[in-house]
Amino acid sequence: QVQLVESGGGLVQAGGSLRLSCAASGSIFSINAMAWYRRAPGKQRELVATITTGVSGGITNYADSVKGRFTISRTNARVYLQMNSLKPEDTAVYYCNLRDGTYRDFWGQGTQVTVSS
């Protein structure tokens, strides 16, 4: 079994920054990719950013709404999301995702990010 634990959420004013962390543990034989998703109140879950594994250090992709403001990075079984220039519309519960080498998905419990205007 794989466990993912997120941390780093909180309350911040618009224009501020937060850094989310996610630590994976358990029976991880290989990692295909790690990602951050979010779910805002009354909305569907959306993909925020992904980072793949690979000899080049990982390929990243971002939702258009966060490009230029958010940065995803990864070290071994940890993934981070640096969030700058935060906006009220970034308010959501952020979830860490790990896709292993067999394409199974594992999820963290989520961490709340609230951006005040």
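Of all residues in the stretch 95-117, count the ones that are over 21 Å from Gly26 (Cα atoms) and in contact with a Phe, Trp or Tyr (Cβ under 6 Å, 6 or more places away or on another chain).
Counting residues in the stretch 95-117 that are over 21 Å from Gly26 (Cα atoms) and in contact with a Phe, Trp or Tyr (Cβ under 6 Å, 6 or more places away or on another chain) gives 1.
For the stretch 63-83, what are the residues that are in a strand (DSSP E or B) and either crowded, with 18+ Cβ neighbours inside 10 Å or not hydroxyl-bearing (Ser, Thr, Tyr) (or both)? Before you say what the answer is, go through the steps one by one.
Restricting attention to the stretch 63-83, the residues satisfying the condition of being in a strand (DSSP E or B) are 70-75, 78-83.
Hits for the stretch 63-83 are Phe70, Ile72, Arg74, Arg78, Val79, Tyr80, Leu81, Gln82, Met83.
Go through (1) surrounded by 14 or more Cβ atoms within 10 Å (Cβ to Cβ); (2) modelled with pLDDT under 95; (3) part of a loop (DSSP other than H, G, I, E, B); (4) not acidic (Asp, Glu) one by one and return the number of the condition Leu86 breaks.
The number of the failed condition is (2).
Could you check the stretch 20-35 and list, in sequence order, the residues that are of a type in the set (Ser, Thr, Tyr) and either touching a Ser or Thr at 6+ places or on another chain (Cβ under 6 Å) or modelled with pLDDT of 95 or more (or both)?
The first filter runs over the stretch 20-35 and keeps only residues of a type in the set (Ser, Thr, Tyr), leaving 21, 25, 27, 30.
Answer for the stretch 20-35, where residues must be of a type in the set (Ser, Thr, Tyr) and either touching a Ser or Thr at 6+ places or on another chain (Cβ under 6 Å) or modelled with pLDDT of 95 or more (or both): just Ser21.
Cβ-Cβ distance below 6 Å, separation of 6 or more or different chains: which pairs start in the stretch 76-98 with a residue that is closer than 13 Å to Thr50 by Cα and end on one that is not in a strand (DSSP E or B)?
Close Cβ pairs satisfying both conditions: Tyr95/Gly108; Tyr95/Gly110; Cys96/Gly108.
Filter the stretch 44-59 for residues that are modelled with pLDDT of 95 or more and either in a loop (DSSP other than H, G, I, E, B) or more than 10 Å from the chain's Cα centre (by Cα) (or both) and give the result.
The answer is Gln44, Arg45, Glu46.
Is it the case that Arg38 is assigned to a strand (DSSP E or B), modelled with pLDDT of 95 or more and within 11 Å of Val93 (Cα to Cα)?
Yes.
What's the number of the only condition in (1) in contact (Cβ under 8 Å) with a residue 60 or more places away in the chain; (2) more than 15 Å from Gly101 (Cα to Cα); (3) in a strand (DSSP E or B) that Asn32 fails to meet?
The single condition Asn32 does not satisfy is (2).
The values are calculated or read from the model by the stated rules, or taken from the named source; none is laboratory data. The structure presented is a predicted model; accordingly, all values stated were derived computationally and were not measured. Here Cβ is always computed from backbone atoms with ideal geometry, including for glycine, and neighbour counts include all displayed protein chains.
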